[in-house]
Amino acid sequence: MIHQKLGKTLKNILKLEREPVAIKWSFKEPKRIPEEKEKSRFCRKIEKAMDGEVFYSNLEHELCMGGARYSGLGDESNYPASLRSGNFLVAAGVYKNVPAVQRSWQNNLCIPSDIFQAVIFAPLVNAEFEPDVILIVCNARQGMEILHANSYDTGSHALGGDSGPICSSMAAIPYLTGKVTYGFADIGARRHMELGDDEVMVSIPASELERIVTNLQEMRTKTFFKSSA
């Protein structure tokens with residue numbers, strides 16, 4: 001599959017230490033891919049895939065309301081008001097008050113519920129399916145080069161993830177907008193994943209992957225990027 005080859009090229013060009021992760025939304029639970037062995041948060045699922053696991057996850061596997069909501073597997077109305085208010089984030093020190101939580105959440109896009117039954121995760125180089133989004137954990141220099149490659153032939157700019165949860169900013173948003181997104185991961189992701197202080201995230205809609213990898217290869221022949229090779 002071409003995306004597997006592109007994944008290898010991407011990793012080699014940028015000298016990525018972590019495996020890019022392929023994410024796919026599925027109408028049905030896939031028969032040829034194992035289900036997740038235990039429940040986890042969406043951000044932890046990303047880390048599992050970076051470490052080589054291939055699996056699908058459904059609502060029963062999701063520990064986080066945000067992960068369920070933003071991935072489209074869970075209907076927000078099924079959760080208690082105490083969670084939907086975001087008051088737990090005030091108690092945790094993430095926001096000063098509930099109005100701040102609610103205002104922030106207005107910017108978080110989510111996959112519509114009741115459409116997909118599962119989300120599939122795998123290292124990109126091992127993905128035996130056509131991905132929807134590729135999530136990359138990298139250093140700032142590598143992230144900068146991806147953003148330059150995105151702009152190289154179009155002049156288009158990526159979207160910044162800000163403080164939103166990565167299940168929205170690094171998964172739902174690139175899926176729904178078709179735009180490259182980048183960010184520093186939210187406090188929840190950094191709490192539940194083993195991320196280095198200097199690591200950032202970039203997500204690429206699968207439809208843009210070949211163009212960006214081709215641009216990275218061409219950029220390597222240019223003055224400003226030769227020193228990165």
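What follows is calculated from the coordinates using simple rules that are stated; it is not laboratory data. Owing to the predicted nature of the structure, the values given are computational and were not obtained by experimental measurement. Positions of Cβ are generated from backbone atoms using ideal geometry, with glycine treated the same way; all protein chains shown enter the neighbour counts.
Key figures
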item	result
Spin-label model distance (nm) - L176 vs F224, 7 Å beyond Cα toward Cβ	3.2 nm
Peptides ranked, highest mean first, by Cβ atoms within 10 Å: ranges 29-38, 160-169	160-169, 29-38
Environment charge at G161 (Cβ cut-off 12 Å; Lys +1, Arg +1, Asp -1, Glu -1)	-1
Radius 15 Å from Cβ of N78, net charge of other residues (Lys, Arg +1; Asp, Glu -1)	-3
Diffusion constant of the chain at 4 °C, which comes from Stokes-Einstein with the Kirkwood Cα-pair radius and 1.567 mPa s, µm²/s	72 µm²/s
Length added when fully stretched, S156-T214, from 0.36 nm per residue minus Cα-Cα	19.3 nm
Under the Karplus curve 6.51 cos²θ - 1.76 cosθ + 1.60, θ = phi - 60°, whole-Hz ³J(HN,Hα) for the range 126-141, x wherever Gly or Pro sits	10, 6, 8, 8, 7, x, 9, 9, 10, 9, 10, 9, 8, 8, 4, 5
Theoretical FRET efficiency, 1/(1+(r/R0)^6), r = Cβ-Cβ of R32 and K5, R0 22 Å, to 0.05	0.60
The range 166-226: trypsin sites (Lys or Arg not before Pro) falling in loop per DSSP and having at most 10 other Cβ within 10 Å	K222
Estimated inter-spin distance, S207 and N107, nm [label 7 Å along Cα→Cβ]	2.5 nm
Projected label distance in nm at D198 and D114, using a 7 Å step from Cα toward the beta-carbon	4.9 nm
Translational diffusion of the range 55-163, µm² s⁻¹ [Kirkwood Rh, Cα pairs; Stokes-Einstein; 37 °C; 0.692 mPa s]	196 µm²/s
Contour excess over end-to-end distance, with Cα ends at F88 and E76 and 0.36 nm allotted per residue	2.8 nm
